[in-house]
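Peer 1: Quick one: the structure is below, questions incoming.
The values are calculated or read from the model by the stated rules, or taken from the named source; none is laboratory data. Keep in mind that this is a model prediction, so the values were computed, not measured. Glycine gets a Cβ as well: all are built from the backbone with ideal geometry, and neighbour counts include every protein chain shown. Note: accessible area is taken over every heavy atom of the protein model, side chains too, but ligands, DNA and RNA are not part of it. Shrake-Rupley method; radii C 1.70, N 1.55, O 1.52, S 1.80 Å.
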Amino acid sequence: MSLISASRRATQQASRNLGALAPATRAVSSPRRWQKRSVNTQPAYEGHVPLNWFEAGFLTVGSALMALANPRRGDMVAALGDLTSGPVLPRLRDAMLASAEGRQILKDRPRVNSHTVDMDKLALLPEGTFGNAYVTWLERCGVTPDTREPVHYVDDPELAYVMQRYRECHDFYHCICGLPVNVESELALKFFEFANLGLPMAGFAAAFGHLRLTQAKRERLFREFVPWAIKCGSSAQSLITVYWEKRWEQNVEDMKKEFGIWDPPEPRWSRPLSEAKAAAVRRQQAAEAKLQQAAS
């Protein structure tokens with residue numbers, strides 16, 4: 001009991017000593033430093049999550065490990081993209097500011113989802129136009145434009161939009177390059193994006209994503225797709241500057257010539273093009289029926 005009592009007395013004395021030191025510690029600490037920290041924790045835009053350096057570092061490592069373990073964790077992949085894009089986003093914004101299209105994008109700040117893009121209207125466009133090609137690509141891949149995670153960890157609002165713009169236009173890159181959404185094609189596009197935009201997340205995915213492939217698929221990736229991706233991506237126009245929504249009615253082949261993009265090696269599609277075109281035609285017929293009902 002004497003040992004317990006002595007331990008309690010020592011603990012109480014230590015608490016009193018710390019309590020006496022606390023005011024002095026607060027007096028020594030700079031009030032400006034704490035005030036700055038409280039300001040920095042205020043969100044700069046909707047969905048923004050401010051982080052200090054320790055939190056950012058911890059989340060970067062954690063999201064990288066989770067993205068490697070399970071690439072389908074879109075939230076972790078997006079978090080890693082946010083946290084590692086800092087040095088590159090100002091350069092991408094400058095590229096947009098140097099382009100008339102890019103400046104208009106930054107001014108309008110368009111978003112890409114099923115609420116902002118009229119898929120029925122695109123389905124009515126002639127075959128060969130970018131809008132029709134995009135709808136057909138969505139049908140063939142079985143995806144929608146509503147799956148992109150919002151940006152949370154980029155502090156500057158304008159740079160956050162640049163990151164969001166890249167993320168929401170990713171499917172446009174798939175469409176214009178003629179690539180599906182399987183693992184090999186996704187990795188090929190990551191190599192392309194890294195060469196074209198320089199985003200670290202694309203480089204991270206390209207560097208480690210191939211480890212999940214079979215030996216045969218990995219060999220084909222590096223033998224056929226990677227040379228195309230690096231050469232085409234590095235020489236093509238920076239795709240972050242393209243106002244895709246203003247080009248729905250433009251011919252796809254003309255766009256590819258303008259951007260300096262040529263076709264990759266033949267990819268492996270899970271769904272035949274004929275099925276996707278048939279689905280696009282059904283969508284077109286449904287859209288025409290809606291227009292007739294509205295007119296009558």
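Peer 1: So in the stretch 245-262, with the set limited to residues that are of a type in the set (A, V, I, L, M, F, W, C), over 22 Å from the mean Cα position of the chain (by Cα) and in a helix (DSSP H, G or I), which one is surrounded by the most Cβ atoms within 10 Å (Cβ to Cβ)?
Peer 2: 252
Peer 1: Residue by residue through the stretch 52-87, note down the ones that are in a loop (DSSP other than H, G, I, E, B) and either crowded, with 19+ Cβ neighbours inside 10 Å or touching an Asp or Glu at 6+ places or on another chain (Cβ under 7 Å) (or both).
Peer 2: Once the filter is applied, which keeps residues that are in a loop (DSSP other than H, G, I, E, B) and either crowded, with 19+ Cβ neighbours inside 10 Å or touching an Asp or Glu at 6+ places or on another chain (Cβ under 7 Å) (or both), the stretch 52-87 yields only 85.
Peer 1: I've got another one for you. Consider residue 49 carefully, then state whether it is within 20 Å of residue 157 (Cα to Cα) and open to solvent by less than 40 Å² (accessible area, probe 1.4 Å).
Peer 2: In short, no.
Peer 1: Output the residue which, of all residues in the stretch 95-131 that are more than 14 Å from residue 248 (Cβ to Cβ), basic (Lys, Arg) and in a helix (DSSP H, G or I), is least open to solvent (accessible area, probe 1.4 Å).
Peer 2: 103
Peer 1: For the stretch 188-203, state whether one or more residues are open to solvent by 50 Å² or more (accessible area, probe 1.4 Å) and either among the acidic types (Asp, Glu) or touching a Ser or Thr at 6+ places or on another chain (Cβ under 7 Å) (or both).
Peer 2: Within the stretch 188-203, none of the residues are open to solvent by 50 Å² or more (accessible area, probe 1.4 Å) and either among the acidic types (Asp, Glu) or touching a Ser or Thr at 6+ places or on another chain (Cβ under 7 Å) (or both).
Peer 1: Do we find a residue being within 19 Å of the chain's Cα centre (by Cα), within 27 Å of residue 162 (Cα to Cα), modelled with pLDDT of 95 or more and not hydroxyl-bearing (Ser, Thr, Tyr) anywhere in the stretch 208-216?
Peer 2: no
Peer 1: With the condition kept exactly as written, say whether any residue in the stretch 137-148 is surrounded by 17 or more Cβ atoms within 10 Å (Cβ to Cβ), touching a helix residue (DSSP H, G or I) at 6+ places or on another chain (Cβ under 8 Å) and within 21 Å of residue 80 (Cβ to Cβ).
Peer 2: Scanning the stretch 137-148, I find at least one residue that is surrounded by 17 or more Cβ atoms within 10 Å (Cβ to Cβ), touching a helix residue (DSSP H, G or I) at 6+ places or on another chain (Cβ under 8 Å) and within 21 Å of residue 80 (Cβ to Cβ), so the answer is yes.
Peer 1: Something else: Given the conditions (1) outside any helix (DSSP H, G or I); (2) within 15 Å of the chain's Cα centre (by Cα); (3) among the aliphatic types (A, V, I, L, M), report the number of the one that residue 160 does not fulfil.
Peer 2: (1)
Conditions (1) at pLDDT below 95; (2) assigned to a helix (DSSP H, G or I); (3) within 23 Å of residue 61 (Cβ to Cβ), marked per residue:
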site: 133; (1), (2), (3): no, yes, no
site: 140; (1), (2), (3): yes, yes, no
site: 144; (1), (2), (3): yes, no, no
site: 153; (1), (2), (3): no, no, yes
site: 173; (1), (2), (3): no, yes, no
site: 176; (1), (2), (3): no, yes, no
site: 181; (1), (2), (3): yes, no, no
site: 190; (1), (2), (3): no, yes, yes
site: 194; (1), (2), (3): no, yes, yes
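Peer 1: While we're on this one: Return the pair list, or none, for Cβ contacts closer than 7 Å from residues in the stretch 194-220 that are within 16 Å of residue 77 (Cα to Cα) to residues that are among the aliphatic types (A, V, I, L, M) and assigned to a loop (DSSP other than H, G, I, E, B), at least 6 apart or on different chains.
Peer 2: So the pair list comes out as 199/88; 200/88.
Peer 1: Within the stretch 223-242, is even one residue touching an Asp or Glu at 6+ places or on another chain (Cβ under 8 Å), modelled with pLDDT of 95 or more, part of a helix (DSSP H, G or I) and of a type in the set (Gly, Ala, Ser)?
Peer 2: Yes; the residues of the stretch 223-242 include at least one that is touching an Asp or Glu at 6+ places or on another chain (Cβ under 8 Å), modelled with pLDDT of 95 or more, part of a helix (DSSP H, G or I) and of a type in the set (Gly, Ala, Ser).
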